[in-house]
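Comments concern the structure below.
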Amino acid sequence: MPERSEKIAVIIPTYNEKDNIGRIISEMLSVLRSLGKSPEIVVVDDNSPDGTASLVQSLQSKEENIILLKRPGKLGLGSAYVEGYKRALNERVNCIIQMDADLSHPTNTAPDLLAAIEEGYDLAIASRYIHGGGIKSWTWKRRIMSKAANYLVRVLLRTGLRDNTSGYRAMRAASVKELMQYEIQSSGFSYLVEAAVVLSRMKLKIKEIPFTYEGREIGETKLSFIEIIRFLATVGRLLVFGTRKKTILSGGTLGRAAEKIQIVPTRL
Ligand SMILES: Nc1nc2c(ncn2[C@@H]2O[C@H](COP(=O)(O)OP(=O)(O)O)[C@@H](O)[C@H]2O)c(=O)[nH]1
Ligand SMILES: [Mg+2]
């Protein structure tokens, strides 16, 4: 029997999203509440210089279902998701939705993502690259980059997914717990690809749901050139070393201690 995804967390990582965050939170709360759900919004902000966190704090005084996780500086999109997952799991939610703050992920796709989870899927990915999906207002350069990235991941890493880089996903909490047992090294945008590869290798029921990516109207993309290089390095690493679960040495206190051990090359 599939769990009903009654208690939901929506994770929204933010970096300089002051002009978007209020709208996305209120739209998401009203869409999910109209479905009879009880959503927690988890904003993970990296000390945005534009004061996104203060704005979220002011919203918290009017709305009690907003959680703000403040981090000291820009630590990357992937590590923000992980922070959000941990908090959501602590809140004992059944289902986690993750999305961008910039209104490029339309809130009216959320009911379809949740319906897939309720039907028994473990992971629902909002996809631009299946029939019915698309992209509005992206430059041709960005379109080519996204297509090429997805082609590389699909062909080389055999995920079976059409949209491996979409940041709009819904996951059953149990699948998120399992995902977190894997060693994921990417802390930035590449996290999405690394997680897609891990998730596709777990024994999950996955569905892609078509959506039209709106394209950001306010603010700037945080996808930098260095993130593109990191993406290529991530694909190469996954191709050579594959995916693996955390060992006792890679997680927890022992793991953190092990990370500090440096191997110093001996000069002959
Ligand atoms: N907390 C946090 N959020 C980030 C970071 N980088 C990007 N984001 C957020 O992640 C989401 C996706 O970034 P965005 O710039 O829209 O990337 P694009 O959609 O690929 O152009 C947005 O909500 C950003 O504000 C980061 O380092 N930390
Ligand atoms: Mg975006």
Item to complete: Report, ordered by the first and then the second residue, all pairs with beta carbons closer than 8 Å, sequence separation of six or more or different chains, a first member in the stretch 224-242 that is closer than 15 Å to L192 by Cβ, and a second member that is aromatic (F, W, Y).
Response: E227/F189; R230/F189; F231/F189
Worksheet item: Are there any pairs, at least 6 apart or on different chains, whose C-beta atoms fall under 6 Å, with the first in the stretch 93-122 and under 23 Å from L223 (Cα atoms) and the second among the basic types (K, R) and within 16 Å of ligand 1 (Cβ to nearest atom), and if so, which?
Response: Q98/R169; D102/R216; S104/R216
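Using the structure shown, decide if G236 is modelled with pLDDT of 95 or more and either loosely packed, with under 14 Cβ neighbours inside 10 Å or within 24 Å of N150 (Cα to Cα) (or both).
On the way: modelled with pLDDT of 95 or more: yes; either loosely packed, with under 14 Cβ neighbours inside 10 Å or within 24 Å of N150 (Cα to Cα) (or both): yes.
Yes, satisfied.
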Worksheet entry | Residues of the stretch 30-39 satisfying the condition of being touching a strand residue (DSSP E or B) at 6+ places or on another chain (Cβ under 8 Å) and either of a type in the set (F, W, Y) or within 22 Å of S166 (Cβ to Cβ) (or both) | L32, K37, P39
Discussion item. Contact list please: Cβ distance under 7 Å, first residue in the stretch 148-163 and on the phi < 0 side of the Ramachandran plot, second residue of a type in the set (F, W, Y), pairs at least six apart or on different chains.
Written reply: A149/F231; N150/Y129; R162/Y129; D163/Y129
Fill in: Enumeration of residues in the stretch 97-113 that are surrounded by fewer than 23 Cβ atoms within 10 Å (Cβ to Cβ) and away from ligand 2 (no atom under 16 Å from the Cβ)
N108, P111, D112
Worksheet item: Only one residue in I117, I125 is in contact with a Ser or Thr (Cβ under 6 Å, 6 or more places away or on another chain), over 21 Å from V44 (Cβ atoms) and crowded, with 18+ Cβ neighbours inside 10 Å. Which one?
Response: I117
Practice prompt. Sort through A9, A80, A53 and tell me the only one that's more than 27 Å from I228 (Cβ to Cβ), aliphatic (A, V, I, L, M), touching a strand residue (DSSP E or B) at 6+ places or on another chain (Cβ under 7 Å) and within 11 Å of ligand 1 (Cβ to nearest atom).
Written response: A53
Worksheet item: Of the conditions (1) closer than 22 Å to R172 by Cα; (2) surrounded by fewer than 20 Cβ atoms within 10 Å (Cβ to Cβ); (3) not small (G, A, S), D19 fails just one. Which one is it?
Response: (1)
Worksheet item: For the stretch 9-96, which helices (runs of 4 or more DSSP H) that fit wholly inside it have 3 or more residues that are of a type in the set (D, E, K, R) and more than 16 Å from ligand 2 (Cβ to nearest atom)?
Response: 77-90
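Could you list all residues from the stretch 199-245 that are of a type in the set (D, E, K, R), within 15 Å of ligand 1 (Cβ to nearest atom) and outside any helix (DSSP H, G or I)? Give the derivation first.
The initial filter retains those residues of the stretch 199-245 that are of a type in the set (D, E, K, R), namely 201, 203, 205, 207-208, 214, 216-217, 220, 222, 227, 230, 237, 244-245.
If we keep only those that are within 15 Å of ligand 1 (Cβ to nearest atom) too, we end up with 214, 216-217, 220, 222, 227, 230.
Those that are of a type in the set (D, E, K, R), within 15 Å of ligand 1 (Cβ to nearest atom) and outside any helix (DSSP H, G or I): E214, R216, E217, E220, K222.
More than 14 Å from ligand 2 (Cβ to nearest atom) and closer than 19 Å to Y81 by Cα: does that describe V235?
Details: more than 14 Å from ligand 2 (Cβ to nearest atom): yes; closer than 19 Å to Y81 by Cα: no.
No, not satisfied.
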Practice prompt. Inspect all residues belonging to the stretch 220-233 and state whether any of them is closer than 30 Å to I248 by Cβ and in contact with a Gly (Cβ under 7 Å, 6 or more places away or on another chain).
Written response: yes
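The values are calculated or read from the model by the stated rules, or taken from the named source; none is laboratory data. These numbers come from a predicted model, not from an experiment. Don't worry about glycine lacking a Cβ; one is built from the backbone with ideal geometry, like all the others, and counts go over all protein chains shown.
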